[in-house]
1. Might you check whether a residue that is among the small types (Gly, Ala, Ser) and farther than 20 Å from residue 19 by Cα occurs anywhere in the stretch 95-103?
2. Over 19 Å from residue 128 (Cα atoms), touching a Phe, Trp or Tyr at 6+ places or on another chain (Cβ under 8 Å) and in contact (Cβ under 8 Å) with a residue 60 or more places away in the chain - does that describe any residue in the stretch 2-23?
3. Please state which of the following conditions residue 29 fails to meet, knowing it meets all the rest: (1) hydroxyl-bearing (Ser, Thr, Tyr); (2) within 19 Å of residue 94 (Cα to Cα); (3) surrounded by 13 or more Cβ atoms within 10 Å (Cβ to Cβ).
4. Scan the stretch 1-27 for residues that are among the basic types (Lys, Arg), over 15 Å from residue 71 (Cβ atoms) and in contact with a helix residue (DSSP H, G or I) (Cβ under 9 Å, 6 or more places away or on another chain) and report the count.
5. Might you check whether a residue that is more than 11 Å from the chain's Cα centre (by Cα), closer than 25 Å to residue 19 by Cα and of a type in the set (Lys, Arg) occurs anywhere in the stretch 58-70?
6. Could you pull out the residue among 47, 56, 38 that is buried (at least 19 other Cβ atoms within 10 Å of the Cβ), free of Cβ contacts under 8 Å to residues at least 60 places away in the same chain, closer than 16 Å to residue 113 by Cβ and not charged (D, E, K, R)?
Amino acid sequence: MSKNKKINTIKKVWEDNSLFIKFSIVGLTNVIITYTAYFILLKLGLYYLLATTMAYVVGILNGYIWSSKFVFKKDKSINNMMKFFIVYISALFINLGIMYICVDCCNMHKLIAPIFAIGIGTIYNYTLNKIWTFR
């Protein structure tokens, strides 16, 4: 494959998937911020579901700022902000359910369980934000 053809292929992949790639970049920073907050809150002795909730709220704030400016490139509005928070609060309940099942029912370690919740939450959040919040 020639160099120009490779470059064109990369450009095509970026154009076709740039929204999801940007969402994933923001999501990765959110994961780092949220997981760090979760870890610190656990070390401070908070119950894991309370620590999950508090860390998730920090992630919501970070996610809204970056999603509106970098990913979907929409001006911040009350309408978009409310939709965003509705999506993420509903995702929080899914997250808490997954955390409870992983930790209390499957005896998974509290620091491993968020990995499963994050994976499912990413797909849920991206889909709803793309088709509803920032359309």
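Taken together, the values in this text are just the output of simple stated rules run on the coordinates, not laboratory data. All values derive from a computational prediction rather than experimental measurement. Note that each Cβ is placed from the backbone with ideal geometry, even for glycine, and that neighbours are counted across all protein chains shown.
1. Scanning the stretch 95-103, I find at least one residue that is among the small types (Gly, Ala, Ser) and farther than 20 Å from residue 19 by Cα, so the answer is yes.
2. no
3. (2)
4. Final tally of qualifying residues: 0.
5. Yes, the stretch 58-70 has at least one match.
6. 56
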